[in-house]
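FYI, it's all coordinate maths here, none of it is from the lab. Given the structure is predicted, the values throughout are model-derived calculations rather than measurements. Methodologically, a virtual Cβ is constructed for each residue, glycine included, from the backbone with ideal geometry; neighbour enumeration extends over all protein chains shown.
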């Protein structure tokens, strides 16, 4: 039996390594192409691993400044951070209420909230465009933040319900016995205890908002408030469709910030997802 378990463990580790290689290979290839000149990209098959500092500087200087990626990064940061903060401010109290108070059709309501997140964006992109246009918010930060918050809220609420369910109700009651109101107990006691889950939810919301493309494409008709995902795509498809080194550089600039954030906060993501993995 012990030998069979050891064999299973080895097989699982081998599969994990294979899956990891498959997942990370496209990003590593993109990073490699971003360090080469256009001539090297089309002539080196397979690409060689040597690096030339001059080509790296030229590619990233062109991507960041020549192609206005810095401008798109600023827009992405403003919209992504604003969306995440607003979604948390609205979603956390809602999740806490759904976790602590049970009422008729409670299960239906929570399922309905989650189902809104599964709707394909293309299904409501045109009505959303018409709505935002009627509000005169096209090509504005607010015009992008409003739908992004609406898309992020179901995810925040559903995930945080699981985290709050893991915290015993007796803790709330103890805080209120000591004189705290329900709101004070939530802010001062429950939120600190759900810290890992809060961090994990914030990171996933950041990731989804940072990479959102279709809705932003409909709402932004000019480059004034375009995010990096939208602006980068316009660079690749319209201005330089054949310069694979530049398209790879834009891809790295788009993906790398989220990867760095996830790497730095990886322990909080793991502990947060583990905390909310089982509902009471």
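What is the angle, in °, between the Cα long axis of helix 2-33 and the longest principal axis of the Cα atoms in the chain? Nearest 10 is fine, range 0 to 90. For helix 2-33, the angle is close to 50 degrees.
Round to the nearest 0.05 the FRET efficiency obtained for residue 70 and residue 213 when R0 = 22 Å and r is the Cβ-Cβ distance. Efficiency for this residue pair is about 0.65.
Between residue 221 and residue 42, the modelled label-to-label distance comes to 3.7 nm, taking each label 7 Å out from Cα in the direction of the beta carbon. Seen through its C-alpha gyration tensor, with square-root eigenvalues sorted a ≥ b ≥ c, the chain comes out oblate because a/c lies at 1.5 or above while a/b is not bigger than b/c. Shape class of the range 1-84 from the alpha-carbon gyration tensor: oblate, with a/c at 1.5 or above and b/c at least as large as a/b. Scaled against 2.2 N^0.38 Å for its residue count N, the alpha carbon radius of gyration of the range 1-149 is 1.64.
For the chain, the longest principal axis of the C-alpha atoms and the axis of helix 266-275 are separated by about 30°. Relative contact order of the chain: 30 percent, from C-alpha pairs under 8 Å at least 6 residues apart in sequence. Spacing of the modelled spin labels on residue 81 and residue 101, each 7 Å from Cα toward Cβ, amounts to 3.4 nm.
Quick one: grab the alpha carbon gyration tensor of the range 108-156, order the square roots of its eigenvalues as a ≥ b ≥ c, and give me rounded if a/c is under 1.5, else prolate or oblate depending on whether a/b is larger than b/c. Prolate, because a/c is 1.5 or more and a/b exceeds b/c.
Highest mean first, the peptides 6-18, 83-95, 117-129, 182-194 sorted by other C-beta atoms within 10 Å per residue fall in the order 83-95, 182-194, 117-129, 6-18. With respect to the chain, whose longest principal axis is taken over its alpha-carbon atoms, helix 141-165 is tilted by about 50°. Taking 0.36 nm per intervening residue step and subtracting the Cα-Cα distance, what contour gain separates residue 31 from residue 135 on full extension? Fully extending the segment from residue 31 to residue 135 adds 33.3 nm.
When peptides 171-181, 243-253, 140-150, 216-226 are ranked by their average number of other Cβ atoms within 10 Å per residue, the highest-first order is 243-253, 140-150, 216-226, 171-181.
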